[in-house]
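Engineer: Can you keep this structure in mind? I'll have questions shortly.
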Amino acid sequence: CASAAEFISVLSFWGPLKADPKSYGEVVLQRLFETKPDSQKLFPKFADLSKEQLQNNPDLQAHGGIVLCKLTEFLQDGGQDKKILKDLAESHAKLHKIPRIYFQIISDVICEVVAEKIEGFDTDAQTALKNVLKTFQTQMGEHYDELGFD
Ligand code: MNH
């Protein structure tokens, strides 16, 4: 589990992502779909779109913004308020039907994108982000267990 210091370390370089969630979220989703094309099929809105149609796509940018804002909320809360991820796990398991393995995949993508785009993101910060996203996945996994979903 990530320490409070690790949440603070991640927040110390999260400013650009908090300020521009749509742009970073767009890159994360595009990279997710490239890395793991299966993941695109899990989004009814995006399943049938070509790579070209995913460029400068306002829906993709909007959804990227939604994802990044929720992640920022989790970071700022320090993983304390269990309800944030309980609600997220419920919608993703029951409504969107996203197997938990995809949270591992998107976490790796987020680490990769942040390492590329954020200046001064050193190895300590990388480890902190990895651990914080591990905490995110663990907590999501506990809710998935309760819901009896893969
Ligand atoms: Mn996801 C909707 C946050 C990872 C597929 N996601 C939402 C919503 C939020 C959100 C917030 C809108 C509210 C809700 O339905 O609960 N999602 C996240 C976060 C992560 C995440 C913070 C991880 C980080 N989501 C994923 C992954 C997938 C996925 C991984 C699939 C591979 N999410 C969806 C789908 C929707 C959604 C599908 C519904 C989109 C729509 O049609 O509007």
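Taken together, the values in this text are just the output of simple stated rules run on the coordinates, not laboratory data. Owing to the predicted nature of the structure, the values given are computational and were not obtained by experimental measurement. Backbone-built Cβ (ideal geometry, glycine too); neighbour counts: all protein chains shown.
Engineer: Here are ALA2, ALA19: which of them is away from the ligand (no atom under 14 Å from the Cβ), surrounded by 18 or more Cβ atoms within 10 Å (Cβ to Cβ) and within 26 Å of ALA128 (Cβ to Cβ)? Break it down stepwise before answering.
Structural biologist: Details: ALA19 fails: surrounded by 18 or more Cβ atoms within 10 Å (Cβ to Cβ).
Answer to the selection: ALA2.
Engineer: Kindly list the number of the only condition in (1) without any contact (Cβ under 8 Å) to a residue 60 or more places away in the chain; (2) surrounded by 18 or more Cβ atoms within 10 Å (Cβ to Cβ); (3) within 12 Å of the ligand (Cβ to nearest atom) that fails for LYS97.
Structural biologist: (2)
Engineer: Quick check on the stretch 100-150: of everything there that is in contact with a helix residue (DSSP H, G or I) (Cβ under 9 Å, 6 or more places away or on another chain) and among the hydroxyl-bearing types (Ser, Thr, Tyr), which residue is surrounded by the most Cβ atoms within 10 Å (Cβ to Cβ)?
Structural biologist: TYR144
Engineer: Mind checking which helices (runs of 4 or more DSSP H) fall wholly inside the stretch 1-109 and carry at least 2 residues that are among the hydroxyl-bearing types (Ser, Thr, Tyr)?
Structural biologist: On the way: elements: 4-12, 15-19, 21-35, 37-41, 58-77, 82-90.
Passing ranges, in order: 4-12, 21-35.
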